[in-house]
Amino acid sequence: KAGVTQTPRYLIKTRGQQVTLSCSPISGHRSVSWYQQTPGQGLQFLFEYFSETQRNKGNFPGRFSGRQFSNSRSEMNVSTLELGDSALYLCASSVGGSYNSPLHFGNGTRLTVT
Amino acid sequence: KQEVTQIPAALSVPEGENLVLNCSFTDSAIYNLQWFRQDPGKGLTSLLLIQSSQREQTSGRLNASLDKSSGRSTLYIAASQPGDSATYLCAGPYSGGGADGLTFGKGTHLIIQP
């Protein structure tokens, strides 16, 4: 069974640009969540989607947005990039959400903002 | 607001030793507690998920316990091996207004010396 796939693996952008990250969950998983990982803050929850609906959102500015498609694939968008957005962005899928299911993570997208 | 703390931040032990990693959380009304490992440059791998109605879970050489009343969880690793070297993270539910998403500790960086 294929794992969670995130593309691209690496991205370099400049301040002010926008970026879209993609996540394909494990087949049959309907929940996709996104996390930001930095050396200083560790892992922080961005948002979670289930059956195309955003169920919860972390404490991030509105520049961070996401969506989920009918095939459960998800995209995350960051607009007007700032230097502080440089991080590893991790996507995780689960059968029913982190409420009662283990999360399966992809290897992440490393975003560098210059 | 849920806060998760992991002690120690780093640990180095010789191969073959049994060891315990600690995790504490502030919101005792959790519905589950999850343990993950992260290898350098990779995403997270789910190790164990303990539901609030359970006190412990076991998988191979790993045993995780949960004590909601004291706000603590421990991960016990028996007969450690060099392949166990990784960062271990625990996570409780994000309490930012919904039932989804996880709050992570900063992790314990574990090195098993051959």
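The values are calculated or read from the model by the stated rules, or taken from the named source; none is laboratory data. In this text, all values refer to a predicted model and were calculated from it rather than measured experimentally. Note: ideal-geometry Cβ built from the backbone for every residue, glycine included; neighbour counts use all protein chains shown. Ligands, DNA and RNA are stripped out before the accessible areas are found, and what is left, the full protein with its side chains, is counted by its heavy atoms. Shrake-Rupley method; radii C 1.70, N 1.55, O 1.52, S 1.80 Å.
At-a-glance table
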item: Exceeding the 18 Å Cα-Cα cut-off - candidates B:K1/B:K68; B:K1/B:K106; A:K57/B:K42; result: A:K57/B:K42
item: Accessible surface ranking that places the most exposed of A:E75, B:E56 first, with a 1.4 angstrom probe; result: B:E56, A:E75
item: Segment B:41-73 residues near the modelled B:V13 label - backbone nitrogen below 12 Å, point 7 Å along Cα→Cβ; result: B:62-63
item: Residue-normalised accessible area of chain A, given per residue in Å² at a 1.4 Å probe; result: 45
item: Chain A - Rg over Rh from alpha carbon coordinates, Kirkwood radius; result: 0.95
item: Average Cα contact separation per residue, chain B, under 8 Å, 6 or more apart, as relative contact order %; result: 37
item: Summed buried accessible area for B+A [probe radius 1.4 Å, Å², rounded to 100]; result: 1800
item: Order of exposure, largest accessible area first, which applies to B:I77, A:I12 with probe 1.4 Å; result: A:I12, B:I77
item: Distance in nm between pseudo-label sites at A:S70 and A:Q41 (7 Å out along the Cβ direction from Cα); result: 3.5
item: Cα gyration tensor shape of segment B:36-97, rounded if a/c is under 1.5, else prolate or oblate by comparing a/b with b/c; result: oblate
item: Rg followed by Dmax, in Å, when chain B is reduced to its Cα trace; result: 13.6, 45
item: Those trypsin sites (Lys or Arg not before Pro) in segment B:27-60 that DSSP places in a loop and that have at most 16 other beta carbons within 10 Å; result: B:K42, B:R55
item: Solvent-accessible area, 1.4 Å probe, carbon plus sulfur percent, for segment B:1-106; result: 48
item: Percent of alpha-carbon pairs separated by more than 20 Å within segment A:23-84; result: 27
item: Debye log10 I(q)/I(0) for the protein assembly as shown, one point scatterer per Cα, at q = 0.08, 0.12 Å⁻¹; result: -0.28, -0.64
item: Residue-normalised accessible area of chain B, expressed per residue, 1.4 Å probe, Å²; result: 45
item: Chain A, accessible surface, carbon-and-sulfur percent (1.4 angstrom probe); result: 48
